[in-house]
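Before any comments, here is the structure.
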Amino acid sequence: MEEFSFYAVWAALAGFMLVYYLRRQHRIRSMLWGTLTGLAGLILLHYSGRFTGFTPEFSLFNIMQSCLLGIPGVILMSVFHFIQ
């Protein structure tokens, strides 16, 4: 049940971001910018892991999370790591 809840929360957040991108005037540009900043944030967090104490791996889930949610997804990833 806990695993289902975890994926349900991330799916709901992805849905919210999709609605956000669809309501923007420049949909494609906004989505690309969010994707690029999310990937850049994941890469920066990965390579600065020894300073922050958290080094996320480049798994499919983490890449999709940072692409769909952008910087807020990377921040949530690091916050959830320190909460658990």
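The values are calculated or read from the model by the stated rules, or taken from the named source; none is laboratory data. Here the structure is a predicted model, which means the values were calculated and not measured. Backbone-built Cβ (ideal geometry, glycine too); neighbour counts: all protein chains shown.
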So which residues in the stretch 47-69 are more than 13 Å from the chain's Cα centre (by Cα) and part of a helix (DSSP H, G or I)? Tyr47, Gly49, Arg50, Phe51, Thr52
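Within the stretch 70-84, track down each residue that is more than 19 Å from Gly15 (Cβ to Cβ) and assigned to a helix (DSSP H, G or I).
The first filter runs over the stretch 70-84 and keeps only residues more than 19 Å from Gly15 (Cβ to Cβ), leaving 78-79, 81-84.
Matches in the stretch 70-84: Ser78, Val79, His81, Phe82, Ile83.
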Identify, by number, the condition in (1) of a type outside the set (S, T, N, Q); (2) surrounded by 11 or more Cβ atoms within 10 Å (Cβ to Cβ); (3) out of contact with any Pro (no Cβ under 7 Å at 6 or more places or on another chain); (4) under 16 Å from Val79 (Cβ atoms) that Tyr20 doesn't meet. (4)
What pairs can you find where one residue is in the stretch 41-69 and farther than 13 Å from Ala14 by Cβ, the other is at pLDDT 90 or above and among the aromatic types (Phe, Trp, Tyr), and their Cβ atoms are less than 8 Å apart, with a gap of 6+ or different chains? Leu42/Phe58; His46/Phe58
Pull out all pairs, ordered by first then second residue, where Cβ-Cβ is under 7 Å, the residues are six or more apart or on different chains, the first lies in the stretch 12-35 and is without any contact (Cβ under 8 Å) to a residue 60 or more places away in the chain and more than 16 Å from Ile71 (Cβ to Cβ), and the second is surrounded by 11 or more Cβ atoms within 10 Å (Cβ to Cβ) and aromatic (Phe, Trp, Tyr). Arg27/Tyr21
